[in-house]
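The values are calculated or read from the model by the stated rules, or taken from the named source; none is laboratory data. Since we're looking at a predicted model, the values are computed, not measured. Note: ideal-geometry Cβ built from the backbone for every residue, glycine included; neighbour counts use all protein chains shown.
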């Protein structure tokens, strides 16, 4: 089993470096920008991407997952403060089976 996981873990580490570099370049004054009117904002998208590793870690800890009970609707909410354009702690809400 360990041999099977090593290539995945290696790829995960490589992707983490790239993801961190991309997230560091998200402009704080553009968090409310949307690539399309029906899209999440740039801040919401960045938060979503930033949360993927934690959600993968939670998935790895469960014995089973009933996908029919999962919520696939975007549940993250992010709001930029007018003064800093940074996300306010507690200004996002996550709900769903992986965020309990």
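Inside region 31-90, residues that are modelled with pLDDT of 70 or more, in a loop (DSSP other than H, G, I, E, B) and in contact with a strand residue (DSSP E or B) (Cβ under 8 Å, 6 or more places away or on another chain) make up a count of 2. Does at least one position in region 21-28 carry a residue that is surrounded by 15 or more Cβ atoms within 10 Å (Cβ to Cβ) and outside any loop (DSSP other than H, G, I, E, B)? Scanning region 21-28 turns up no residue that is surrounded by 15 or more Cβ atoms within 10 Å (Cβ to Cβ) and outside any loop (DSSP other than H, G, I, E, B).
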